[in-house]
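**Student:** Right, I'll just put the structure down here and ask away after.
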Amino acid sequence: MSESDPLFARFGLISPAGDILFREGDKGDVMYVIREGSVRILKDSHEGDAEIKKTLAVLGPGEFFGEMSILNDKPRSATAQVVEDAKLLVLNPRTFEQMVKGNAEIAVRLIKKLSQRLDAANELIEVLLHRDAKARVILGLARQVELTGEEVDEGIFVPLDRDALSSEVGVEVGEANETLVRLGRLRIAEETTDNTGRPGFLVRDVTRLREFLQFLEMRHKFAE
């Protein structure tokens, strides 16, 4: 993507890794479309007296976010932080409305994306409702395989670190680590980095990951 692109020239923003684009509770008057890089969507939460941030999603090129605040005129429901240096389109409500009205393809893509996000939210709710912490970790990892997984020679790379995974599924890092260590010993999934240095998990065998989850669920069922 070149900065000379007409759309980028009008609406483009280059934002380095670590930048906070907006915080939960801020008034929202623009939305963003990712051209390059990635952005993490975070939600404030509490564990006892400690305040933590749960990762809701890591979005990449072609994804958009922040649209709900300009559609319903409500404060931001989450925080957006740049993970990898990003090139973004920043659209105000009028520009967004003009794009939707003037281009049926954009409107259809918006509807499909919102539908996918609703499905993803429902899936996350199911994960969080699961009583077995080990199963929640595996469910969360399997969910991220579908959402953000990238095919590599050895399997599927999931760009999500241990802390973010633990936060997303509502499990203490130490407890999640027990499950992750076991997955590593079984050579199902292990912590690693990709060729750009991003931390994440290499899932070597998605089928065995799901079979291990089924084993845990069966054991939990017979223990009741």
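**Student:** What does the charge add up to near Gly28, with Lys and Arg as +1, Asp and Glu as -1, over the other residues with Cβ less than 14 Å from its Cβ?
**Tutor:** -1
**Student:** How much length is gained if the chain between Glu105 and Ser77 is pulled fully straight, taking 0.36 nm per residue apart and subtracting their Cα-Cα distance, in nm to one decimal?
**Tutor:** 7.4 nm
**Student:** Let me ask something additional. Read phi for every residue in the range 86-99 and hand back ³J(HN,Hα) as whole Hz from Karplus 6.51 cos²θ - 1.76 cosθ + 1.60, θ = phi - 60°, with x for Gly and Pro.
**Tutor:** With the stated coefficients, the range 86-99 comes to 10, 10, 10, 9, 10, 10, 8, x, 5, 4, 4, 4, 5, 5 Hz.
**Student:** Straight-line reach only, C-alpha to C-alpha below 18 angstrom: list the lysines that Lys113 could link to, leaving out same-chain residues fewer than 8 apart.
**Tutor:** The reachable lysines, counting only those whose Cα sits under 18 Å from Lys113, are Lys101.
Readers should treat all values here as calculations from the given coordinates under stated rules, not as data from a laboratory. Remember, predicted model here, so these are calculated numbers, not experimental data. Don't worry about glycine lacking a Cβ; one is built from the backbone with ideal geometry, like all the others, and counts go over all protein chains shown.
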